[in-house]
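The values are calculated or read from the model by the stated rules, or taken from the named source; none is laboratory data. As the structure is a prediction and not an experimental result, all values here were calculated from the model. Every residue, glycine among them, receives a Cβ derived from its backbone with ideal geometry; neighbour counts consider all protein chains shown.
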Amino acid sequence: MPKDAQATIDLNRIREMLKQKKGRMKLCLRACAGCTLCAESCFLFRSHDGDPRYMPSYKVLKTLGTLYRKRGKVSEAQLEQMKELVWRNCVLCGRCYCPFDIDIPNMIAFTRSILRSQGICGVYPHSMGATEEDYRQCAAEIQGEIESDSSESE
């Protein structure tokens, strides 16, 4: 991995976060039997003609699983790919059923928090058809309103 690709990624922060939940998360990752029952309970998987990128277990294994397997040594490009899986392809509805009691929503939420720690944030409207630019413009407007409100209260 080129050094400049790692410049914006705080590997120590990623490793620190992974270490905090290592026992539980690695147990859940190992427990996945690939039975696909979680996919059957996911409306996004069903509505996207069985596209594996919408399968809950796929999303977890390709994101959090990769982070643990690589011990947090990932590039910004890899984190951007993970962003698509855990934000665009999941709404965290909590409906993913696992017969082994793997808490898939918690694992996806944890992955999101790791990405946010690196300044990589997903876009909910994007999953509903809005563009990334629409989201960024909306976020900038909201940030401006927050800053305006906070300066008025001082």
Answer from ASP49, ASP134 - the residue that is out of contact with any Cys (no Cβ under 7 Å at 6 or more places or on another chain), at pLDDT below 95 and outside the structural domain of ARG15 (by TED's automatic domain parsing): ASP134
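Residue-wise test of (1) under 15 Å from ARG112 (Cα atoms); (2) without any contact (Cβ under 8 Å) to a residue 40 or more places away in the chain; (3) not assigned by TED's automatic domain parsing to the domain that holds MET107.
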| site | (1), (2), (3) |
| --- | --- |
| ALA31 | no, no, no |
| LEU44 | no, no, no |
| MET55 | no, yes, no |
| GLU84 | yes, yes, no |
Do the conditions hold for ARG71, that is, is it surrounded by 14 or more Cβ atoms within 10 Å (Cβ to Cβ) and touching a residue at least 12 places away in the same chain (Cβ under 8 Å)? no
